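The values are calculated or read from the model by the stated rules, or taken from the named source; none is laboratory data. As the structure is a computational prediction, the values presented were derived from the model and not from experiment. Note: ideal-geometry Cβ built from the backbone for every residue, glycine included; neighbour counts use all protein chains shown.
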Amino acid sequence: MKVNHNPEKQFKKLTICFVVEYYYPHVGGGELLFQKLAEGLVKEGHRCSVITCRLPGAERFDTVNGVDIYRVWVPRWADRYWFTVLSFFPAWRIAKQADIIHTMSYNGAFSAWLIARLQKKPAVITICEVLGKKWMRLNFNFLIGFLCKVIEDTMLCLPYDGYSCISKCTLNCLTDWGIDSKKLFLAYPGVSSQLFKQKSDRMAVAVRETLGIQKDTFLYLYYGRPGIMKGLEYLIRAVPLIKKKIFDSKLLLILSKKPAFKYKEMTNLIRTLRLNNVMVKNSIPRELLPQYIQASDCVVVPS
């Protein structure tokens, strides 16, 4: 049997349209995940376009590392929710050239699915989590929690052609929901070998010195957005309990100031509890993050 070793002839080069509410230069885990996915596909010879919210100061159209980015104007207030509606016509136009439409939960999911069905193209969705009844136990009032659950339930009722699950928990939740297991696949977010390429004890020591933290102090770290579903308030409330067990301990929070209301809520909670062993630091460049991780004795990561 003759085997064709030429990858150019083995795989069709696809045109992929991503419909996601946030993308580079917006900072976040989901944004980074889709940026690396799209750029990786471009390196493999595929063509990728992204429909996303337009941030203040960002160009309406841009090409970054081979990925065409189309940014949709949305009001500043509740921008991701406006994106659900305002992304439809720009995404419709770009999707005409696509072989596959790929979106994620939650805000781009509805327009992406509808466009895929009307244009008779396959639609894939990346699901980060399935909260179900847990929406009612988050720090929402009853109405908001109920509406969020309805939105999630409606999204999961839409028959996508493929479901990319970032964890086994997500995959199992979708299976329990009743999604056809043949449509589910597990795709863990990758770890950047370039970002975490080597240890640097010297830089870790320098970080502690800059922060004024002694070598023997137990330092535990949280970094990211103070999002509603992150559970940061539970970590902050646990600080006094941790101090009882480890007296010489400090919590370092590298926090984005968005969402602003949660940032304010978390900083107010720290002041209310009079926690003098909690340090809040503004977001840092991503390339510096490994130094702060190495300088810490423990990293607290929301699931």
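Just to be sure before I move on: is SER167 small (Gly, Ala, Ser), within 25 Å of CYS53 (Cα to Cα) and out of contact with any Ser or Thr (no Cβ under 6 Å at 6 or more places or on another chain) in the structure I sent?
Judged against the criteria, SER167 is not a match.
Restricting the stretch 257-283 to residues that are outside any strand (DSSP E or B) and in contact (Cβ under 8 Å) with a residue 40 or more places away in the chain, which is farthest from the chain's Cα centre (by Cα)?
MET266
Could you list, in sequence order, all residues of the stretch 79-113 that are under 18 Å from GLU31 (Cα atoms) and in a loop (DSSP other than H, G, I, E, B)?
Residues satisfying the conditions are SER87, SER105, TYR106, ASN107, GLY108.
Do we have any residue at all in the stretch 278-297 that's assigned by TED's automatic domain parsing to the domain that holds GLN214, touching a Pro at 6+ places or on another chain (Cβ under 9 Å) and over 21 Å from SER200 (Cα atoms)?
No, there is no match, as no residue in the stretch 278-297 is assigned by TED's automatic domain parsing to the domain that holds GLN214, touching a Pro at 6+ places or on another chain (Cβ under 9 Å) and over 21 Å from SER200 (Cα atoms).
Which residue pairs have Cβ atoms closer than 9 Å, lie 6 or more positions apart in sequence or on different chains, and pair a first residue in the stretch 120-136 that is in contact (Cβ under 8 Å) with a residue 12 or more places away in the chain with a second residue that is of a type in the set (Asp, Glu) and crowded, with 17+ Cβ neighbours inside 10 Å?
Matching pairs, first to second residue: VAL130/GLU152; LEU131/GLU152; GLY132/GLU152; TRP135/GLU152.
Taking the options ILE254, ILE236, name whichever one is touching a residue at least 12 places away in the same chain (Cβ under 8 Å), closer than 27 Å to SER192 by Cβ and touching a Leu at 6+ places or on another chain (Cβ under 9 Å).
Answer to the selection: ILE254.
Looking at (1) in contact with a strand residue (DSSP E or B) (Cβ under 9 Å, 6 or more places away or on another chain); (2) outside any strand (DSSP E or B), which is the only condition PHE185 fails?
It is condition (2) that PHE185 fails.
Just for the stretch 178-206: of the residues that are of a type outside the set (Gly, Ala, Ser) and modelled with pLDDT of 95 or more, which one is surrounded by the most Cβ atoms within 10 Å (Cβ to Cβ)?
ILE179
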